[in-house]
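J.: Mind having a look at this structure? Questions to follow.
The values are calculated or read from the model by the stated rules, or taken from the named source; none is laboratory data. Because the structure is predicted, anything quoted here is derived from the model rather than measured. All Cβ positions, glycine included, derive from the backbone under ideal geometry; neighbour counts span all protein chains shown.
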Amino acid sequence: MLPLAVKRLLGRNLMLALGLVIVLGMSLAALLAPLLAPFDPNALHLQNILEPPSSRFLLGTDRLGRDVFSRLLYGGRVSLWVGFVAVGISVSIGTVLGLVSGYFRRWVDECIMRVVDIMLCFPSFFLILAVIAFLEPNLTNIMVVIGLTSWMGVTRLVRAEALSLREREFVDAARLAGTSTAGILFRHILPNALSPVLITATLGVAGAILVESSLSFLGLGVQPPAASWGNMLMDGKAVIETAPWLSVYPGLAILVTVLGYNLLGESLRDIFDPRLRQ
């Protein structure tokens with residue numbers, strides 16, 4: 001969420017343009033990492049350990065002589081992939097449960113909402129830490145766990161939309177025409193409830209990237225020698241005074257990426273919410 005003063009300073013169109021540029025730029029850099037990276041991210045240059053940024057090593061090297069720029073690009077692939085997959089899982093679960101809860105109401109709604117309330121009783125990050133502690137800390141487990149612990153907000157949003165839309169005339173007409181329940185839910189209600197889902201998904205990618213980076217920083221995320229922005233921060237912690245570039249550049253990558261998705265999400269909210277178009 002961005003402060004109101006920042007939103008007024010940037011303006012809606014500039015926020016949208018800036019968010020798109022950052023998101024597309026970071027995504028393209030990660031996608032084209034094999035072409036852009038000057039070195040293999042795990043290649044050791046033992047003669048150039050902790051070398052500061054230079055013409056050969058653009059962002060310097062780490063404690064094993066690995067090129068920081070190459071690892072930053074490949075780490076972006078991991079962080080963005082975690083964000084997209086985790087959000088895909090959470091949005092899929094939340095959308096289905098929200099549609100079912102809002103459309104059928106009564107005991108179905110009560111059961112689903114009580115599960116949501118129970119899940120929200122636990123701080124998400126500590127719940128993720130608890131689950132990851134019992135599982136092998138690898139990329140697949142991280143994506144699944146983040147997705148399975150972040151669907152509650154989507155469920156509430158979609159449920160609210162479904163409760164309103166189920167009373168509309170076009171839904172009544174679909175019932176009279178003999179449309180199946182699944183057809184009403186996915187062909188009539190869902191398309192009209194996608195706006196808040198799209199906004200939540202955009203903001204959710206930023207949140208998932210932060211969670212993955214935090215887990216990797218704690219040693220519970222992506223495991224070495226694979227590069228991620230979080231474990232690059234962890235590697236740089238021990239030598240932050242003598243080699244600050246090991247922490248500065250991954251930190252900036254996380255900051256800029258999360259800022260881009262937040263700008264994009266806030267801009268989409270302003271566009272889709274009629275109350276904010278004034």
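J.: Taking the stretch 22-68, which residues are under 21 Å from TRP81 (Cβ atoms), of a type in the set (A, V, I, L, M, F, W, C) and in contact (Cβ under 8 Å) with a residue 60 or more places away in the chain?
T.: Selection gives ILE22, VAL23, MET26, VAL68.
J.: Got at least one residue in the stretch 39-46 being over 20 Å from ASN262 (Cβ atoms), of a type in the set (D, E, K, R) and part of a helix (DSSP H, G or I)? Give the derivation first.
T.: Applying the first criterion (over 20 Å from ASN262 (Cβ atoms)) to the stretch 39-46 yields 39-46.
Then drop every residue that is not of a type in the set (D, E, K, R), which leaves 40.
Filter once more, keeping what is part of a helix (DSSP H, G or I): none.
No.
J.: Quick check: anything in the stretch 128-142 closer than 25 Å to LEU218 by Cβ, modelled with pLDDT under 90, in contact with an Asp or Glu (Cβ under 7 Å, 6 or more places away or on another chain) and not in a loop (DSSP other than H, G, I, E, B)?
T.: yes
J.: Please find, among ARG159, ARG166, the residue that is buried (at least 21 other Cβ atoms within 10 Å of the Cβ), farther than 23 Å from GLY83 by Cβ, touching a helix residue (DSSP H, G or I) at 6+ places or on another chain (Cβ under 6 Å) and not hydroxyl-bearing (Ser, Thr, Tyr).
T.: None of the others qualify; the one that does is ARG159.
J.: Looking at VAL78, VAL100 in this structure, which one is more than 22 Å from GLY236 (Cα to Cα) and in a helix (DSSP H, G or I)?
T.: Just one listed residue meets the conditions, VAL100.
J.: Looking at GLY178, GLY260, GLY219, can you tell me which residue is more than 28 Å from TYR103 (Cα to Cα) and part of a loop (DSSP other than H, G, I, E, B)?
T.: Result of the check over GLY178, GLY260, GLY219: GLY219.
J.: Those residues that are surrounded by fewer than 20 Cβ atoms within 10 Å (Cβ to Cβ) and of a type in the set (Ser, Thr, Tyr), I need them from the stretch 195-229; list them, please.
T.: Within the stretch 195-229, SER195, SER214 meet the criteria.
J.: Scan the stretch 219-278 residue by residue and report those that are at pLDDT below 90, over 25 Å from GLY60 (Cα atoms) and among the hydroxyl-bearing types (Ser, Thr, Tyr).
T.: Residue satisfying the conditions is SER267 alone.
J.: So, one more: Just to check your reading of the model, which residue among THR181, THR140, THR149 is of a type outside the set (A, V, I, L, M) and surrounded by 15 or more Cβ atoms within 10 Å (Cβ to Cβ)?
T.: Matching residue, one of THR181, THR140, THR149: THR149.
J.: Hey, another quick one. Could you please let me know if ALA201 is under 12 Å from VAL91 (Cα atoms), in contact with a Ser or Thr (Cβ under 9 Å, 6 or more places away or on another chain) and among the aliphatic types (A, V, I, L, M)?
T.: Considered against the rule, which asks whether it is under 12 Å from VAL91 (Cα atoms), in contact with a Ser or Thr (Cβ under 9 Å, 6 or more places away or on another chain) and among the aliphatic types (A, V, I, L, M), ALA201 comes out as yes.
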